[in-house]
Amino acid sequence: MPPQPPMPPAVPKKTLSPLAAGLLGLAVGAGIVGGAWAVTASQGPDKPQTFTLKGEFTLLEDAVDLDSGCAGTGGYDDIKEGAAVTVYGAKGDVVATGYLGNSKSPNYGTCVFDVAVSDVPKGEKFYKVEVSHRGTVQMNAKEAEAGEFGASLG
């Protein structure tokens, strides 16, 4: 039997110096933290659930019919398409704003405006709605979310 070749000499294992090991650990840790941050930052915080408060606002007197809708006159000249609609939460804080929408004049001196205020946050026990500066009308959350807003002036 022929003689076996001698075993090659063992290659000594290279070990990382403490400085190199520390830098490598720091780089790997920073990569993991950075990756986790990137994933969570791209998702963003959960947006609160919202609804659109819908209904009608009726001016019962001193309304004039225009070519495009109608508007109030005299002491009601602030009541027109585009007038501010403010929605307040139960604590009295403003939670959403909008404006009076399209209008129609079903009979002489009366004007009915569409109301649609978007992005009203859910979760309040009740809401107060104000058109222009004419005072608030309170409604419970179920009515508000169901699009049952209705108010009149005059």
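Things worth noting here:
- 13 Å beta-carbon shell around Val85, net charge (K/R +1, D/E -1): -2
- Less than 5 angstrom separates the built amide H of Thr50 from those of Lys122, all sequence-distant by 5 or more or on a different chain.
- Positive minus negative residues near Val137 (Lys, Arg vs Asp, Glu; Cβ under 15 Å): -2
- Number of Lys pairs (Cα under 15 Å; 8 or more positions apart or on different chains) in segment 50-154: 10
- 3J(HN,Hα) from dihedral phi, segment 106-120, Karplus parametrisation 6.51/-1.76/1.60, rounded to Hz, x for glycine, proline: x, 7, 4, x, 10, 9, 10, 10, 6, 10, 8, 10, 8, 6, 7
- Computed over neighbours whose Cβ is under 10 Å from that of Ser103, the net charge equals -2, Lys and Arg +1, Asp and Glu -1.
- Hull-based mean projected area of segment 48-154, where the convex hull spans the alpha carbons, in square nanometres: 6.1 nm²
Laboratory data are not the source of any read-out in this text; all were calculated from the coordinates shown. Small disclaimer: the values here were computed from a predicted structure and weren't measured. Because the Cβ atoms are built from the backbone with ideal geometry, glycine has one as well, and the counts that use them run over all protein chains shown.
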